[in-house]
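A quick write-up on the structure given underneath.
The values are calculated or read from the model by the stated rules, or taken from the named source; none is laboratory data. Note that the structure is predicted; figures quoted are calculated from it, not measured. Virtual Cβ from ideal backbone geometry, glycine too; neighbours counted across all protein chains shown.
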Amino acid sequence: MLRLAVGCLAVAVLAWGSAARAAEKEKTDAQKATEAEGKKSTIMGVFTLLRESVGDGKPLPKVIGFVTQQNFPYQVVVTEQALLDQLVALDKKPVRLSGTLVDGGEKGKFLIAEGMIDADAPPPTRRKRGGL
């Protein structure tokens with residue numbers, strides 16, 4: 001009889017512990033999502049310009065293109081004219097943008113671009129002393 005009571009108590013404690021861990025995991029996942037949404041991020045990928053959005057005459061901020069990183073497109077929102085001019089010249093080229101990631105729900109993720117990080121210079125070429 002005592003074993004049965006101890007067994008039931010153990011099962012109840014295990015069930016409560018697993019439910020508490022699941023609730024904590026859910027809470028931490030939601031917290032991680034909200035924390036990551038407002039943080040500054042750096043996205044590196046190939047930038048594709050949407051030409052019709054550049055010449056439409058709408059005021060900034062607006063979506064001007066997207067950066068594809070690991071087969072996932074991030075829509076790029078530009079707030080400054082100087083950054084827009086830089087990105088127009090880099091259509092279909094690799095770029096590194098810094099800014100804030102925002103989840104747009106069904107519309108996808110947006111990167112509110114605040115600046116562009118210049119690529120490092122390639123290493124110098126070194127030749128052997130006797131020629132090639």
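Which of the numbered conditions does G99 fail, given that it passes all the others? Conditions: (1) buried (at least 16 other Cβ atoms within 10 Å of the Cβ); (2) closer than 12 Å to F47 by Cβ.
Tallying (1) buried (at least 16 other Cβ atoms within 10 Å of the Cβ); (2) closer than 12 Å to F47 by Cβ, G99 fails exactly one: (2).
Identify, from the list V76, V46, the residue that is part of a strand (DSSP E or B) and surrounded by fewer than 19 Cβ atoms within 10 Å (Cβ to Cβ).
Criteria check complete, one pass: V46.
Which one of T68, T34 is under 17 Å from L101 (Cβ atoms), modelled with pLDDT under 90 and hydroxyl-bearing (S, T, Y)?
Testing whether each residue is under 17 Å from L101 (Cβ atoms), modelled with pLDDT under 90 and hydroxyl-bearing (S, T, Y) leaves just T34.
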